[in-house]
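Each reported figure results from applying straightforward, stated rules to the coordinates on display, with no laboratory input. Only a predicted model underlies this, so the values are computations on that prediction, with no experimental measurement involved. Cβ: placed from backbone, ideal geometry, glycine included. Neighbour counts: every protein chain shown.
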Amino acid sequence: MSNNIDKTYDPAKVEDRIYAEWMEKKYFHAEADCSKKPFTIVIPPPNVTGQLHMGHALDETLQDILIRYKRMQGYSALWVPGYDHAGIATQIKVEEVLRKEEGLTRYDLGREKFLERVWDWKNKYGGRIVEQLKKLGSSCDWDRARFTMDDGCSKAVKEVFVNLYNKGLIYQGSRIINWCPHCITALSDAEVEHAEQAGHFWHIKYPIKDSDNYVIIATTRPETLLGDTAVAVNPEDARYTDLIGKMLVLPLVGREIPVVADEYVDKEFGTGCVKITPAHDPNDFEVGKRHNLESIRVMNDDATINAHGGKYEGMDRYEARKAIVADLEEQGLLVRVEEHSHNVGQCYRCGTTVEPIISKQWFVKMEPLAKPAIEAVKNGETEFVPERFSKTYMNWMENVFDWCISRQLWWGHRIPAYYCDECGEMVVSKTEVEVCPKCGAHMRQDDDVLDTWFSSALWPFSTLGWPEKTEELDYFYPTSVLVTGYDIIFFWVARMIFSGLEHTGKSPFKHVLMHGLVRDSQGRKMSKSLGNGIDPIEIIDKYGADALRFTLATGNAPGNDMRFYNERVEASRNFANKIWNASRFTLMNLDITENKLPAVSELRTEDKWIISKYNRLVKEVTDNLDKFELGVAVAKLYDFIWDDFCDWYIELVKPRLFDKEDASGKTAQYVLTYVLSNTMKLLHPFMPFITEEIWQHLPHEGESIMISDWPAYDAALDFAADEADMQSVMDAISAIRNRRAEMNVPPSKKAKIIIVTDKKEVFANGAAFFERLASASETVVQADKSGIDANAVDIVTADAQIFLPLDELVDKEKELARLREEKKRLEAEIKRVEGKLSNEGFVSKAPAKVVEEERQKGESYKAMLEKIEESIRSME
RNA sequence: GGGAGUUUAGCUCAGCUGGGAGAGCGUCUGCCUUACAAGCAGGAUGUCACAGGUUCGAGCCCUGUAACUCCCACCA
């Protein structure tokens with residue numbers, strides 16, 4: 001310990017030094033230690049491409065709070081760490097750089113060269129986000145962080161793929177999938193965002209074969225006309241019954257297409273006739289299957305028109321749309337154009353409008369996987385916090401579609417399927433297959449890679465060494481908690497749960513703690529395109545990591561969104577500053593070198609008061625943390641430290657500390673130290689740096705607060721009677737301050753105080769406090785009202801009547817008015833209480849405790865009223 | 001269309017299983033009181049969205065209404 005602590009609180013100075021110390025001592029290291037219980041947290045792998053954003057900071061903060069708490073409770077707390085994932089974002093980022101700096105595309109480089117670039121990029125920037133997380137105080141052992149593209153994880157991915165394939169849960173199939181022409185890849189449904197877009201509704205004539213007649217169809221995507229293979233009407237639609245089975249002539253193309261009847265068509269919408277393009281629309285695809293229609297794909301992967309488009313070949317889809325509409329108009333086939341706003345799917349990464357395209361892709365069959373995943377949440381194997389998110393989860397799981405897992409990217413886990421071009425054989429294998437088992441020809445691996453979330457879904461066990469039976473896997477799995485935002489329930493959480501169940505037989509975590517999104521001060525989602533993102537690092541530089549963490553943990557309930565205001569961080573920083581100064585005060589007055597609690601017999605009422613309050617705080621904070629009520633816990637700590645400890649206890653104890661002759665000064669020092677250092681422990685998970693700094697300066701045992709023991713509730717430290725006594729004195733002090741402020745009496749003007757009370761001893765013990773805290777020049781405590789000036793200011797509290805002889809300042813009329821006002825208020829209260837107590841229903845049905853409380857209140861009010869009435873009489 | 005959420009002080013939000021409405025910020029008044037002006041002391045401000053219901057008692061439970069938000073599915 002050392003009494004030298006900087007005069008001013010400078011977070012940057014403290015935080016950098018302390019983190020370095022922690023790193024040096026390797027406190028973050030966790031290993032399977034069978035003498036302890038495991039506590040494992042799964043973290044979302046931060047993305048290698050991105051800057052740390054507020055969402056990460058929130059994830060990180062909440063996780064770190066839990067980890068630090070559990071570590072202090074003696075758990076072997078492991079953070080399943082990792083960074084980067086085999087995500088499309090990484091590839092796009094590198095492609096972007098490539099295009100900007102060298103004017104090249106990935107195709108110019110070729111697969112191998114391109115992947116080298118990505119690895120370079122990863123090696124150069126992969127650690128960047130980790131460095132940023134460290135500034136936040138992350139107690140993760142980043143040295144053991146895994147990377148999803150590492151060998152171990154790749155092995156797990158292959159294992160899973162092959163297992164699922166062999167069980168028939170992975171299949172290849174033609175499907176309409178969402179295609180991003182910009183990323184040139186398939187997207188899963190979850191990766192498509194829908195946005196309202198203004199568009200047009202083109203009404204087009206389709207001539208009936210061998211007739212001058214025609215039908216009118218309406219479409220929002222006229223370019224898909226090129227791939228039409230039918231027109232559908234509702235079988236119930238009287239307007240079109242005779243048309244069913246007839247042939248139409250497809251405009252511009254000349255192909256003959258049938259009119260089919262299908263329930264899918266809504267009679268009321270549009271014209272009641274729908275063009276059917278099985279290759280470019282999911283619903284049409286289904287219709288096509290029912291009527292055995294041909295699927296004609298008219299677009300290339302980059303959404304340009306292909307050879308089936310005739311004269312439109314090579315045009316971009318939007319160019320083609322224009323050209324087709326113009327040609328239709330020229331031929332008089334365009335009836336009219338309506339304004340029409342409709343929902344358009346967009347790629348969630350790049351925002352490009354997705355194109356539904358028929359394509360051969362790999363799918364995971366979801367139904368058999370979803371069943372146990374639903375069961376695991378139903379039977380409580382995994383619990384969502386707050387609980388309502390389980391409904392969101394169920395809703396999705398119960399209506400889940402097969403999951404398209406192939407991505408036409410190069411960066412990622414390559415699909416372990418091998419094809420023989422000679423005989424058409426396909427082999428799925430964990431190990432590379434070069435020779436066709438059938439014909440002996442060379443085999444080539446599938447070009448596609450797996451969806452990011454396919455490997456991310458394995459995170460909880462692949463990072464622990466699965467499929468090997470490692471000691472770590474055995475000890476740490478299933479994990480304890482997953483902390484994440486509700487926005488990735490479907491992408492990630494759900495998929496981790498069914499993957500864990502399928503491959504390990506256990507749901508990967510016990511609790512899923514959901515938090516909300518961090519929004520800007522106007523409530524908007526933070527995003528790059530809006531430019532409203534707040535950089536956590538800037539905030540840390542300005543206010544400190546402790547202040548940021550405190551802000552993120554505070555003032556919002558789990559799962560609710562949070563608006564981010566600098567003012568809130570400022571308030572947190574002020575709190576840190578308050579702690580700093582209270583500690584500085586404590587240290588300045590310390591000449592003890594050990595941290596222990598004095599014998600109860602030496603403790604004064606105020607000592608017992610703060611100890612008792614502290615003791616209850618331990619219990620409550622522990623309870624709250626166990627229930628993941630982090631915000632509640634931190635609010636209690638804030639109130640205790642600021643109000644009880646700083647504003648009251650320190651002030652109460654000052655005279656004892658300053659008077660070197662007073663032997664009880666030493667007791668006060670012990671109490672200050674004890675309460676402060678233990679409170680620092682309780683606060684440590686939230687504000688790790690400042691608490692470490694202060695704890696180190698105070699008398700302590702052990703090397704670091706982060707490996708110290710979590711405080712325990714001690715029934716022997718519960719001093720209810722002393723708490724109540726102290727409260728009586730504090731109430732009196734507050735009442736006096738209040739009166740003086742109302743009367744504009746400056747603090748410099750001291751006055752004699754006469755306290756008339758039944759609790760003479762209590763107030764006599766506290767007499768000294770009135771001089772310091774209530775501007776008393778002298779304090780007299782007596783049982784009756786003898787010798788009191790009739791003009792004295794009169795203050796009534798529950799346990800005392802206090803008189804201040806300030807006659808020259810007293811405006812008699814005003815004083816009387818105030819007393820009458822007070823009388824009215826008390827009478828109203830008494831009436832309310834009596835109303836309750838005379839209500840038989842209340843007395844007989846309410847819990848005895850509540851009734852007794854009301855009764856006591858009533859008596860206390862009555863006593864006060866009596867005193868007031870007396871005062872009024874004597875003044876009059 | 002299906003699901004979830006929100007509505008409490010000027011602003012941002014707490015309010016745990018029903019038992020006299022809270023915090024931070026802002027605001028007003030008075031204080032540089034030897035830890036802290038990033039502070040101290042004191043004050044003001046609420047038909048807890050609305051309407052019913054259950055209950056001795058409702059911000060909290062039930063039903064309905066309104067406004068807003070998010071997620072999922074979507075009509076060509």
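A few remarks follow.
- Charge dipole of chain A (Cα centre as origin; +1 on each Lys and Arg Cβ, -1 on each Asp and Glu Cβ, all else neutral): 340 debye, rounded to the nearest 20.
- A protection proxy built from the mean count of other Cβ atoms within 10 Å ranks the segments A:67-73, A:434-440, A:201-207, most packed first, as A:67-73, A:201-207, A:434-440.
- Residues with amide H under 5 Å from that of A:GLN346, placed H, sequence gap 5 or more: A:GLU193, A:HIS194, A:ALA195, A:VAL354
- Residue-by-residue Karplus 3J(HN,Hα) for the range A:456-462, coefficients 6.51, -1.76, 1.60, Hz, glycine and proline x: 5, 5, 9, 2, x, 10, 5
- Highest-first arrangement of A:819-825, A:448-454, A:539-545, where packing means the average Cβ count within 10 Å: A:448-454, A:539-545, A:819-825
- Once backbone amide H atoms are built at 1.01 Å from N, A:VAL796 has A:ILE802 as its partners under 5 Å, excluding neighbours fewer than 5 places away on the same chain.
- Residue (of A:TYR649, A:VAL80, A:SER601) at the positive-pole extreme of chain A, dipole from beta-carbon charges: A:SER601
- Here the Karplus curve 6.51 cos²θ - 1.76 cosθ + 1.60, taken at θ = phi - 60°, turns the phi angles of the range A:259-265 into couplings of 9, 10, 9, 8, 4, 4, 6 Hz, with x standing for Gly and Pro.
- The range A:157-215 versus the range A:682-711: alpha-carbon centroid distance in Å: 57 Å
- Working from Cα pairs under 8 Å separated by at least six residues, relative contact order for chain A is 13 percent.
- In the range A:722-852, the DSSP beta bridges split such that about 55 percent are antiparallel, to the nearest 5.
- Cα long-axis angle, helix A:812-838 against chain A (0 to 90 degrees, to the nearest 10): 60 degrees
- Chain A: C-alpha gyration tensor shape, a/c 1.5 cut-off, then a/b vs b/c: prolate
- For the set A:LYS37/A:LYS510; A:LYS378/A:LYS510; A:LYS37/A:LYS155; A:LYS124/A:LYS542, the pairs lying more than 18 angstrom apart at their alpha carbons are A:LYS37/A:LYS155; A:LYS124/A:LYS542.
- Per residue of chain A, the DSSP helices (runs of n ≥ 4 H) give a summed -39500 (n - 2.57) that works out to -13500 deg cm²/dmol at 222 nm.
- Rounded Å value of the spacing that divides the Cα centres of the range A:333-411 and the range A:647-674: 64 Å
- Most tightly packed first, judged by the mean number of other beta-carbon atoms within 10 Å of their residues, the peptides A:321-328, A:516-523 read A:321-328, A:516-523.
- For the range A:587-626, the set of trypsin sites (Lys or Arg not before Pro) satisfying both a DSSP loop assignment and a count of at most 14 other C-beta atoms within 10 Å is given as A:LYS596.
- Under the Karplus curve 6.51 cos²θ - 1.76 cosθ + 1.60, θ = phi - 60°, whole-Hz ³J(HN,Hα) for the range A:785-801, x wherever Gly or Pro sits: 9, 5, x, 9, 4, 5, 8, 5, 5, 10, 10, 10, 10, 4, 10, 7, 10
- Distant-in-sequence amide H partners of A:GLY533 (H built 1.01 Å from N, under 5 Å): A:SER527
- Across the range A:309-435, the relative contact order, built from alpha-carbon pairs under 8 Å that are at least six residues apart, equals 17 percent.
- In terms of other Cβ atoms within 10 Å, A:LYS275, A:LYS760, A:LYS134 run from fewest to most in the order A:LYS760, A:LYS134, A:LYS275.
- Between the helical axis of A:688-697 and the longest alpha-carbon principal axis of chain A there is an angle of about 30 degrees.
- Counting only alpha carbon atoms, the long axis of helix A:317-330 and the longest principal axis of chain A meet at about 60°.
- Here chain A carries DSSP beta bridges of which approximately 70% are antiparallel, counting only pairs with both residues inside.
- Note on A:ASP561 and A:ASP143: their simple-model spin labels are 4.2 nm apart, each label 7 Å out from Cα toward Cβ.
- Distance from the Cα centroid of the range A:810-827 to that of the range A:478-496 is 61 Å (rounded to whole angstrom).
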